[in-house]
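In what follows, a structure is listed as structure tokens, so that the remarks can point back to it.
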Amino acid sequence: MTQDELKEMVAKAALDYIPRDGILGVGSGSTVVKFIEAIGKYKIKVDAAVSSSNKTTELLKGIGVRVLDPNECEPYGCYIDGADEVNPEFMMIKGGGACLTREKILASMAEKFVCIVDKSKLVDTLGHFPLPVEVIPMARCQVARTLKVMGANPVLRQGCITDNGCEILDLHDFMIESPITLEDEINAIPGVVTVGLFARRGCDVVLYATEDGVHTRTK
Ligand code: 5RP
């Protein structure tokens, strides 16, 4: 089975988590694209959504889903999103698609975060995938210096401007032993918008697809 087929399987399984009434939070990335396609294909009713990227907003509107500004919403029931890595403690690296900040905002507003991945995303220790850090452009070099002192190897993601008008530094070869501490330390650097480490607010459910089907891990 290809990775694409596994993503499709897990995206379909996530339809069961869509609330009957109320707002759905929708993340970004190729697995989420398949999730949105499945909403359209199976004609699932979604009252309204909040979206973590311009692309997701466009796709949701394309299948007739009303997209709200999070400022118009109260905290809501369920946020569904992919991840680049997930550890056994339900902590994640996210931001491969450069949408980490909006994803973190929507995750913070959700009662339940359902993470949808294929089996390749499950890891014991986070950090094989380069950890994204969104930075304000004028702070890029100073943030990179500080990250180097912390032992990271920051690389500017070429040609990438986020939906917030910011840039991304990817931290390569940086195995993460204490995710919560590292999340706090990186977020405290002046000029950092946010780090793509979702340790303080991890997910609550992991749906992961293997050749045997879709499996569920619940916190
Ligand atoms: C985007 C993300 C995505 O959830 C993450 O990159 C996984 O993407 P994909 O479903 O394409 O593998 O965090 O910022």
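Counting only protein heavy atoms and a 1.4 Å probe, tell me what percentage of the chain's accessible area is made up of carbon and sulfur. Roughly 50 percent, rounded to a whole number. Here the chain carries DSSP beta bridges of which approximately 55% are antiparallel, counting only pairs with both residues inside.
In the context of the full set of protein chains, residues of the range 131-191 present 52 Å² of accessible surface per residue (probe radius 1.4 Å, heavy atoms only). Over 32 Å between Cα atoms, which of Lys61/Lys104; Lys104/Lys148; Lys12/Lys148; Lys7/Lys45 qualify? Too far apart for the 32 Å limit: Lys12/Lys148.
For the Cα trace of the chain, dividing Rg by the Kirkwood Rh returns an Rg/Rh value of 0.96.
Working note: Karplus 6.51/-1.76/1.60 with θ = phi - 60° gives the range 142-151 the couplings 5, 5, 4, 4, 5, 5, 5, 4, 7, x Hz, where Gly and Pro are set to x. Spin-label model, Met1 to Asp184: label points 7 Å out along the Cα-to-beta-carbon direction sit 4.0 nm apart. The chymotrypsin sites (Phe, Trp or Tyr not before Pro) of the range 26-99 that meet both conditions, a loop assignment by DSSP and at most 12 other Cβ atoms within 10 Å of the site Cβ, are Tyr42.
Between the amide H of Thr194 and those of Glu134, distances stay under 5 Å, these residues lying 5 or more places away or on another chain, with hydrogens modeled in the peptide plane.
A Gaussian network model of the chain, with springs between Cα atoms under 10 Å, assigns the largest mean-square fluctuation among Pro132, Pro19, Pro179 to Pro19.
Unpaired Cys in the chain, meaning no second Cys C-beta under 4.7 Å: Cys73, Cys78, Cys99, Cys141, Cys160, Cys166.
Looking at the range 1-109, the trypsin sites (Lys or Arg not before Pro) that sit in a DSSP loop and have at most 13 other Cβ atoms within 10 Å of their own Cβ are Arg20, Lys43, Lys45, Arg66. Give me the Debye-computed log₁₀ of I(q)/I(0) at q = 0.12, 0.19, 0.23 Å⁻¹ for the range 70-170, equal point scatterers on Cα only, no solvent, two decimals. Treating every Cα as an identical point scatterer, log10 I(q)/I(0) equals -0.46, -1.03, -1.23. For the chain, the longest stretch holding no GluC sites (Glu not before Pro) located in a DSSP loop with at most 10 other Cβ atoms within 10 Å is which? My reading of the result: 1-176 is the longest stretch. Per Stokes-Einstein, at 10 °C and 1.306 mPa s, what whole-number D in µm² s⁻¹ belongs to the range 131-191, with the Kirkwood radius over Cα pairs as the hydrodynamic radius? Calculated translational D: 135 µm²/s.
The values are calculated or read from the model by the stated rules, or taken from the named source; none is laboratory data. Predicted model, so just to flag it, every value in this text is computed and none were measured. So basically every Cβ, Gly included, is an ideal-geometry build from the backbone, and we count neighbours across all protein chains shown. Ligands, DNA and RNA are excluded from the accessible area calculation, which covers all protein heavy atoms including side chains. Shrake-Rupley method; radii C 1.70, N 1.55, O 1.52, S 1.80 Å.
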